[in-house]
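J.: First the structure, then my questions, so here it is.
The values are calculated or read from the model by the stated rules, or taken from the named source; none is laboratory data. All values derive from a computational prediction rather than experimental measurement. Cβ sites come from the backbone with ideal geometry, for glycine too, and all protein chains shown count toward neighbours.
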Amino acid sequence: MNSDPSIRAGGRPRPDDARGLLAWARECDPRGDRAHAVLVALAMVALPLGTTTFAIMFGIALGYSLLRLWATGPAVGYLLFRVPLVAVLAALLAWTCLSVLWSVDRSQAWDEIAILRFQVPALILFWPVIDRWRSYVLALSIGMALAALIQVGQFVLGESWPLALWWHGERIAGRYPGMLHPNSTAVLAVATIFLLPHVARGRSPRRLRAAVLAAAALLSLVLTGSRGCWIAAIAGLLASAPYFTLRALAARRAQSAPARAGRIDPAAERLRRIALVIVAPGVIAAGVFIGPVVVSRVSSGVSGLRAAIESKDYTGDVAARWRQIEITAALLRERPFTGVGAGSFYVAAREYVQAPPAQGAGTAPRGTGLLHHPHSALLYHAAVLGLPGLFLLAATWAMLFRADRAGPDGARVRPTFTPALAALLTAFVLDAHNLSAPGTIAAMLLASIILARRYAGEPSTTKSAPHASMPCA
């Protein structure tokens, strides 16, 4: 008789045993588990390579994951009914759907809801096979490397590059988006850069592979010209500084100098030297050619922000972003508890811009600075969903940061993914990636990894012996 209280009669773990339920599903359907993981990896490769490509792969992977519910249902049930973050995401979607009742542009509202609906289904897709999350990060990194190759072609050849899309042109001079919107490519690059270090632990070849892929993602990030995601990358680096500093100091104290010298691996040292010879000239060359792009984008952004604040000139890109802050503040004051409703931002903002200025309002603005959406997740939730939407957004990210600091059974663990969280949160605040499928999927991948670490322990990377699929009692 099985004396383990976590196992019920018939071999199925108890409903509150997240790790056991995930392992049980894998043992019930090992072949399906492998196929599921392969489809998720292919979807992550396709994510940076165009909306249509990803939509097809995501649909296939999600459909297959639903067919496996006979085995993964208990584990998915744990995710849906025992993880508070999922309830918050469901409440956010429900509140957005409810806001359609007072929306003045319902077609746009349903477009926005169509993106938000990716959140919980993406968690359902990742959760049963989350133990292979390092493979998904590598798959995303490979997709980003292909995107960087396309961006380099756009940078060098311009419109004559066969893969140049309509995003590349004079309208966005100095920006090279790959096959997505520049900001969508940029947020995927940011996610890749901060997730790859977790893949690089262990053997030296793995570290070299991760370093090359991270360099490709960094190149892609620079070529997008997304100033908001550049700031997000800096925020992630600042968040990572305390963690890596403490870790380095602890490692230094744990090892004496002779011990460290004796542990040097000659093969690893050769790999480091080869990487230095290959990567260093590439970094220098990239700095020479791409440096002007960065300087131009930063200087134009500073000038636009100064013009918006000092002389109300909203004709520039950054100036228009500043204008969205002013418009959002006015809309939030007008309708703090309901917001203007999903899809209604553009209509409400246009009415605000076209309203006659109040007496003594000062200098008349140059240009409306009117955009179709606030270009910020924070501003979007404030203007469109009001204070309830703003609260649910804050709760989502607060839960993720808290989950990153707690392990199974309430045990305290070292915050590992805080830099990635800080980078993505900053990117979302500076741009509305909650309204883009790539940004949403990147956030849900990170959330799945953190939730698995919190509720099921650190996912195992050991490979079990292959055996045939079998029904489970």
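J.: If I filter the range 81-89 for residues that are without any contact (Cβ under 8 Å) to a residue 60 or more places away in the chain and under 20 Å from P438 (Cα atoms), do I get at least one hit?
T.: Within the range 81-89 (the criterion being without any contact (Cβ under 8 Å) to a residue 60 or more places away in the chain and under 20 Å from P438 (Cα atoms)), the answer is yes, since at least one residue qualifies.
J.: For A122, indicate whether it is in a helix (DSSP H, G or I), of a type in the set (A, V, I, L, M) and surrounded by 17 or more Cβ atoms within 10 Å (Cβ to Cβ).
T.: So A122 passes the test.
J.: Could you say whether any residue in the range 131-147 is assigned to a helix (DSSP H, G or I), among the acidic types (D, E), surrounded by 20 or more Cβ atoms within 10 Å (Cβ to Cβ) and modelled with pLDDT under 95?
T.: The answer is yes; a qualifying residue exists.
J.: Going through S311, S299 one at a time, which residue ends up being surrounded by fewer than 13 Cβ atoms within 10 Å (Cβ to Cβ), out of contact with any Asp or Glu (no Cβ under 9 Å at 6 or more places or on another chain) and modelled with pLDDT under 70?
T.: Of the residues listed, the single one that is surrounded by fewer than 13 Cβ atoms within 10 Å (Cβ to Cβ), out of contact with any Asp or Glu (no Cβ under 9 Å at 6 or more places or on another chain) and modelled with pLDDT under 70 is S311.
J.: Let me ask something else about it. Within the set of pairs 6+ apart or on separate chains, which have a first residue in the range 329-343 that is free of Cβ contacts under 8 Å to residues at least 60 places away in the same chain, a second that is in a loop (DSSP other than H, G, I, E, B) and not hydroxyl-bearing (S, T, Y), and C-beta atoms under 7 Å apart?
T.: Filtered contacts from the range 329-343: L331/V340.
J.: Only one of R175, R117 is under 21 Å from I193 (Cα atoms), out of contact with any Cys (no Cβ under 8 Å at 6 or more places or on another chain), at pLDDT below 90 and not small (G, A, S); which?
T.: R175
J.: Tell me the residue from L400, L424, L446, L390 that is at pLDDT 85 or above, part of a helix (DSSP H, G or I), surrounded by 17 or more Cβ atoms within 10 Å (Cβ to Cβ) and more than 13 Å from the chain's Cα centre (by Cα), please.
T.: On inspection, the qualifying residue turns out to be L390.
J.: Further, regarding this structure: Can you tell me which residues in the range 184-240 are without any contact (Cβ under 8 Å) to a residue 40 or more places away in the chain and buried (at least 24 other Cβ atoms within 10 Å of the Cβ)?
T.: L221
Conditions tested, residue by residue: (1) at pLDDT 90 or above; (2) crowded, with 23+ Cβ neighbours inside 10 Å; (3) aromatic (F, W, Y).
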| site | (1), (2), (3) |
| --- | --- |
| G343 | yes, yes, no |
| A349 | no, yes, no |
| A361 | no, no, no |
| L370 | no, no, no |
| H375 | no, no, no |
| L378 | yes, no, no |
| H381 | yes, yes, no |
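J.: Here is a follow-up. Quick one: would you say A23 is of a type outside the set (S, T, Y), closer than 15 Å to I130 by Cα, in a helix (DSSP H, G or I) and touching a strand residue (DSSP E or B) at 6+ places or on another chain (Cβ under 9 Å)?
T.: Considered against the rule, which asks whether it is of a type outside the set (S, T, Y), closer than 15 Å to I130 by Cα, in a helix (DSSP H, G or I) and touching a strand residue (DSSP E or B) at 6+ places or on another chain (Cβ under 9 Å), A23 comes out as yes.
J.: Now for a different question. Quick check on A239: is it part of a helix (DSSP H, G or I) and modelled with pLDDT of 90 or more?
T.: For A239, the condition - part of a helix (DSSP H, G or I) and modelled with pLDDT of 90 or more - is not met.
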